[in-house]
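Read the structure below first, then the notes.
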């Protein structure tokens, strides 16, 4: 049938090489020796001027990691990773750590400018509230700059790279690091605990509503390195913070590993809103190269009435394997997970969430939209569980999949475990396909193939896009459209 | 305005259109009537550019340009509109959003600017009022959960807003009750103009009492077998398609 043949032809012709963040930066980098060893850990720890307790923490993690086996239960396939062939630390020779922007390598500044990341603090746009965003820019293994620190400090908010936080606020870091994702949690978290390099640290004091959006932008540049960032956000009682994470990487032929750990702690009546727009290099049109995004993200709603919401738009990576989760420990705490996961070409996604209801009258909400195109595979994996003491637990889950073309796959793996009779868990799921007829109808009205798919996809993901901070919702929409280019037949 | 010359089309190797030739002049309302299987819907799909068909011979010229060489959205921008027999549902996309996106896509293609939000709302409200379509329906996802009559009226609404020059109505009357039929016909008649033409495809004479055609063509066996004035429709109503089916089988 001609329609199917055209789809097949167009899929073959997908120019995935249009990933426009794929440039790499020529810059002098300092690297640790290749591979994993106590020496490499000591090197990293010394570079960052870390206290003894942290070095010991890392070494213990490495010891433990050597006894662990890589998990393989996810619905993703990849060649074995040779951990000894990676560099675990790569930092630009000039411009790592605090200091003025003048000290930063100009090539680095140009990179972030090209990516559209504002490193120079921008004056408030006249009359537009909330237009400023504080940025922590992380290039390979180091944080290059963090903006608006002084202003945030006036409100009592600490926003810095985690390396700096370890030096300036060790007691805070020590208190909370590893308390949400313990060192023993899983293979990649243990690895991260041993070799984590940089990431963001946020502390919002009691009763403070953080005066601006905080964001971290991660850029992997150097070849053959893994990126192991660690982020820790603490919202003290009654506080609020909204945080956004963005990521890109250059196009390379070999795969690069990104194994991050993000820990969130919300105390009584506190709220953390964590948004991610992930656009790591997805691999070229043959499926070669691309980032392996194996990430552990977890939020602990420790306090009564606390709330943590995760919003993610995942469009990149060759393989995405992550389950941002919430531990609903405090009574009346709330967890939310809003996700749009797009896969095209040869990408593989196994993502979802875990909502663990422990306290009383806790509630969680999951809205997951998976869009699969090309030859990709897109799996939603979710766990909603209620402890036997979790009376009054409520969950609403809605996971929808949209398939574009005939060569992709969408799968849903929901786990529901309730040990308390008063728990109410609702689950709705749909799988649909963009039908040729629908596309023809849109085209007859004047929309070209790409515009038609974008319109239909936008309708599909509307509920989730609404959860993103406004400026990023627009970016995310554009990103989704770009990710689906060439998927139509 | 529209010239169909010796059009041949097949689907999966089976010939459906076997040499259709037909002309529609600006300002003209031409009706095509015929029995099931005569190829009427295929003709409308081929004119609009649906991909399932192999075009083995012939041309379809709109103001001298061959539509068959254009993508469906290009044809739309040139002023072609097909009112579907079975309008599709587009979940999650509000009717207003869809209409605006379509109109602007066409205007951009033609090098006109996008329509201003105020003008757009004015245009939509005017058309919606005359077709008895509520504002509430406009906010809902396009055609999702709409009754048959509502879907057909929505097709006419889209036609009113997109302001096409060549309108093909594919069995617009199917599934409509008397009142809905009258409203739809009113909507179409309101759009009749000197520089616009209509090709109205139908089984039944009933619609043509409301939308009185200038010409009636009879299609059978993939070809136009007879053409005449509006009285031809009444004749068909009385005698049926039997004579023509026999003819086409030869």
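The values are calculated or read from the model by the stated rules, or taken from the named source; none is laboratory data. Nothing here was measured: the structure is a model prediction, and the numbers come from that model. As a convention, Cβ positions derive from the backbone with ideal geometry for all residues, glycine included, and neighbour counts pool all protein chains shown.
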(message) Looking at (1) more than 9 Å from chain A (Cβ to nearest Cβ); (2) free of Cβ contacts under 8 Å to residues at least 60 places away in the same chain; (3) in a loop (DSSP other than H, G, I, E, B), which one does residue B:35 not meet, given that it meets all the others?
(response) (2)
(request) Looking at (1) modelled with pLDDT of 70 or more; (2) surrounded by 15 or more Cβ atoms within 10 Å (Cβ to Cβ), find the lone condition where residue A:11 falls short. (result) (1)
(request) Determine which single condition residue B:97 fails, assuming it passes every other condition in (1) touching a residue at least 24 places away in the same chain (Cβ under 8 Å); (2) within 12 Å of chain A (Cβ to nearest Cβ). (result) (1)
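I'd like the residue in the stretch B:50-67 that is at pLDDT 90 or above and buried (at least 17 other Cβ atoms within 10 Å of the Cβ) and, out of all such residues, is farthest from the other protein chains (Cβ to nearest Cβ). Reasoning before the result, please.
Our first condition is that a residue be at pLDDT 90 or above; within the stretch B:50-67, this holds for B:50, B:53-67.
Right, trim to buried (at least 17 other Cβ atoms within 10 Å of the Cβ) and you get B:50, B:53, B:58, B:60, B:62, B:67.
Values: B:50: 5, B:53: 8, B:58: 18, B:60: 14, B:62: 14, B:67: 12 Å.
The extreme case among them is B:58.
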(request) Report yes if some residue within the stretch A:416-433 is touching a helix residue (DSSP H, G or I) at 6+ places or on another chain (Cβ under 9 Å), facing chain B (nearest Cβ under 10 Å) and over 21 Å from residue B:96 (Cβ atoms); otherwise report no. (result) yes
(request) Kindly indicate whether any position in the stretch A:306-313 is touching a helix residue (DSSP H, G or I) at 6+ places or on another chain (Cβ under 8 Å) and buried (at least 24 other Cβ atoms within 10 Å of the Cβ). (result) yes
(request) Check off (1) touching a helix residue (DSSP H, G or I) at 6+ places or on another chain (Cβ under 6 Å); (2) in a loop (DSSP other than H, G, I, E, B) for residue A:369 and give me the number that stays unchecked. (result) (2)
(request) May I ask you to list the residues in the stretch A:40-58 that are farther than 16 Å from residue A:228 by Cβ and at pLDDT below 90? (result) A:46, A:49
(request) Give, as residue ranges, the helices (runs of 4 or more DSSP H) completely inside the stretch B:98-207 that count at least 1 residues that are under 29 Å from residue B:231 (Cα atoms) and modelled with pLDDT of 90 or more. (result) B:148-162, B:178-190
(message) Can you confirm whether residue B:105 is within 17 Å of residue B:120 (Cβ to Cβ), crowded, with 21+ Cβ neighbours inside 10 Å and within 10 Å of another protein chain (Cβ to nearest Cβ)?
(response) yes
(message) Criterion first (farther than 25 Å from residue B:150 by Cα, within 13 Å of chain A (Cβ to nearest Cβ), without any contact (Cβ under 8 Å) to a residue 24 or more places away in the chain and out of contact with any strand residue (DSSP E or B) (no Cβ under 6 Å at 6 or more places or on another chain)) does residue B:71 satisfy it?
(response) yes
(request) Please tell me if residue A:177 is closer than 22 Å to residue A:32 by Cα and at pLDDT 90 or above. (result) no
(message) I need a count of the residues in the stretch A:447-460 that are more than 8 Å from chain B (Cβ to nearest Cβ) and more than 16 Å from residue B:77 (Cβ to Cβ).
(response) 3
(request) Could you list, in sequence order, all residues of the stretch B:46-97 that are part of a helix (DSSP H, G or I), closer than 17 Å to residue A:443 by Cβ and in contact with a helix residue (DSSP H, G or I) (Cβ under 9 Å, 6 or more places away or on another chain)? (result) B:46, B:47, B:48, B:67, B:68, B:72, B:73, B:74, B:75, B:76, B:77, B:97
(request) Spot the failing condition for residue B:45; the list is (1) within 15 Å of the chain's Cα centre (by Cα); (2) more than 14 Å from chain A (Cβ to nearest Cβ); (3) under 19 Å from residue A:448 (Cβ atoms), and only one is missed. (result) (2)
(message) So, residue A:55, is that one over 17 Å from residue A:167 (Cα atoms) and surrounded by 12 or more Cβ atoms within 10 Å (Cβ to Cβ) or not?
(response) no
(message) Kindly evaluate residue A:27 against the criterion of being modelled with pLDDT of 80 or more, more than 14 Å from every other protein chain (Cβ to nearest Cβ), buried (at least 18 other Cβ atoms within 10 Å of the Cβ) and touching a helix residue (DSSP H, G or I) at 6+ places or on another chain (Cβ under 9 Å).
(response) no
(message) Filter the stretch A:429-455 down to the residues that are in contact with a strand residue (DSSP E or B) (Cβ under 9 Å, 6 or more places away or on another chain), free of Cβ contacts under 8 Å to residues at least 24 places away in the same chain and under 30 Å from residue A:246 (Cβ atoms) and list them by number.
(response) none
(message) Taking the conditions exactly as written (touching a strand residue (DSSP E or B) at 6+ places or on another chain (Cβ under 6 Å), surrounded by 15 or more Cβ atoms within 10 Å (Cβ to Cβ) and within 11 Å of another protein chain (Cβ to nearest Cβ)), does residue B:7 satisfy them or not?
(response) no
(request) Kindly list the number of the only condition in (1) within 12 Å of residue B:161 (Cα to Cα); (2) more than 7 Å from chain A (Cβ to nearest Cβ) that fails for residue B:111. (result) (1)
(request) Scan (1) more than 19 Å from the chain's Cα centre (by Cα); (2) modelled with pLDDT of 95 or more for the single condition residue A:388 breaks and write down its number. (result) (2)
